[in-house]
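Asks: Below you will find the structure I want to go over with you.
The values are calculated or read from the model by the stated rules, or taken from the named source; none is laboratory data. Everything numeric in this text was worked out from a predicted model, so none of it was measured. So basically every Cβ, Gly included, is an ideal-geometry build from the backbone, and we count neighbours across all protein chains shown. The accessibility values were calculated without ligands, DNA or RNA, using every heavy atom of the protein model including side chains. Shrake-Rupley method; radii C 1.70, N 1.55, O 1.52, S 1.80 Å.
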Amino acid sequence: MISQEDIFSIASKKEFEKITLKVFRFQYENNKVYHSFCNYLGKSPSNVKQIPDIPFLPIQFFKSDKIVSTIDEPKVIFTSSGTTGMIKSKHFVTDISLYENSYNKAFAQFYGNIENYYVLALLPSYLERDGSSLIYMVEDLITRSNHQDSGFYLNDLEQLSNKIIELENEGQNIILIGVTYALLDLIEYKKFQLKNTIIMETGGMKGKRKEIIREELHQTLCDGFGVTAIHSEYGMTELLSQAYSLGNGIFECPIWMDVLIRDTEDALNYVENGKTGGINVIDLANINSCSFIATQDLGKKYENKTFEVLGRFDNSDIRGCNLMVY
């Protein structure tokens, strides 16, 4: 049996590999869809001896199948965003504490104690629908920040602007989490010169604006907010963990998460560091679902385990977080 303690207390590369292979064996035995997928590829615990041997389930399966590794009933069903008529991904979460531990521990790893920040959220397109894992996470972070002025701002740019300026003048630390188009709306409404605020964009124009390259976007946001770097969150409905960028679009994973970059011409092989390919995600917090997911994102990985998101294989099927075409 694999416990949360096993997953969230990983302390070395060797330990990560050991737990990852253990999770693979567990999910091969208990996840019917993943079991069939592995068998189709001729993969099983008998010939999967290292991480590159593990099959990664294409993310599209979350649209057509119930991806679970347990008989427990789901406590929450997270769904992807999408345009009307589009088939949405569904993530059946049987133990919500896995998600809560994942994002709380990851936040602490990259930013420290949540109570040191006021959390302001500008996520209108997510708030306007049900089943958003991002809203679940941000709502909990707002509560855990333990500040009365933390909260969501649907479309009230005036109230949000006034609150940012008020908290800045008091010397308070702020994290402003926003969907891309709404952050652009905010700086068109008012220009800032912020000293104590982290701007974290979650990606996504949501059809509200034309997609632009990351460098141009981040420069526009830096100029509008008067900051030197834009932070980003890389997550999606199908995962229970997020990677964070503290600037320049370079992401780092928490210790129980990693990415591999697959060859775009041969999905079972991997490219060297610094080469572009498809992003495969290992998310050990997804123990009750599938921890090995082949995304539709393109990226590069670097020597220090950081990675960059460069775009998507198919822009006709846009959903989830970080949807910018770079």
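Asks: So what's region 123-241 giving for Rg/Rh, alpha carbon basis, Kirkwood Rh from the mean inverse pair distance? Each step should come with its number before you reach the end.
Replies: Working: Rg = 13.9 Å, Rh = 14.9 Å.
My calculation puts Rg/Rh at 0.93.
Asks: Work out from phi, with θ = phi - 60° and the Karplus expression 6.51 cos²θ - 1.76 cosθ + 1.60, the ³J(HN,Hα) of each residue of region 234-239, listed in order in whole Hz, and give x for Gly and Pro.
Replies: 10, x, 7, 3, 7, 10
Asks: In Å and whole numbers, how far do the C-alpha atoms of the chain stretch along each principal axis, longest first?
Replies: On the principal axes, the chain reaches 61, 41, 38 Å in Cα extent.
Asks: How much of residue 236 can a 1.4 Å solvent probe reach, expressed as accessible area in Å² and rounded to 10?
Replies: 10 Å²
Asks: Mean separation of Cα pairs under 8 Å and 6+ residues apart, divided by the residue count of region 1-107: what relative contact order is that in percent? Display every interim value, and only then the final one.
Replies: Details: 97 pairs, mean separation 22.1, N = 107.
Relative contact order comes out at 21 percent.
Asks: Taking the 0 to 90 degree range and rounding to the nearest ten, how far is the long axis of helix 157-169 tilted relative to the main principal axis of the chain, both from C-alpha atoms?
Replies: With both axes taken from Cα atoms, the answer is about 80 degrees.
Asks: Here's a follow-up. Helix 214-225 against the longest principal axis of the chain: what's the angle in degrees, Cα atoms only, rounded to the nearest 10?
Replies: Relative to the chain, helix 214-225 is tipped by roughly 30 degrees.
Asks: Which residue, 236, 141, 249, has the largest displacement toward the positive end of the dipole of the chain when charges sit on each Cβ (Lys, Arg +1; Asp, Glu -1)?
Replies: 236
Asks: Can you tell me the orientation of helix 96-111 relative to the chain, as the angle in degrees between its alpha-carbon axis and the longest Cα principal axis, to the nearest 10?
Replies: Roughly 60 degrees between the two axes.
Asks: Please report, largest first and rounded to whole Å, the three semi-axes of the ellipsoid equivalent to region 131-176, where each semi-axis is the square root of five times an eigenvalue of the C-alpha gyration tensor. Intermediate results must be reported in sequence, preceding the final value.
Replies: Values: eigenvalues 83, 38, 10 Å².
So the three semi-axes of region 131-176 are 20, 14, 7 Å.
Asks: OK, next. Can you give me the % of accessible surface on region 119-270 that is carbon or sulfur? Probe 1.4 Å, all protein chains present, nothing else counted.
Replies: Details: 2700 of 6320 Å².
That share works out to 43 percent.
Asks: Now, a different point. Whole percent per 5 Å bin, from 0 to the bin with the longest distance: what is P(r) over all C-alpha pairs of region 29-153?
Replies: With 5 Å bins starting at 0, P(r) equals 2, 9, 14, 16, 16, 15, 12, 8, 5, 2, 1.
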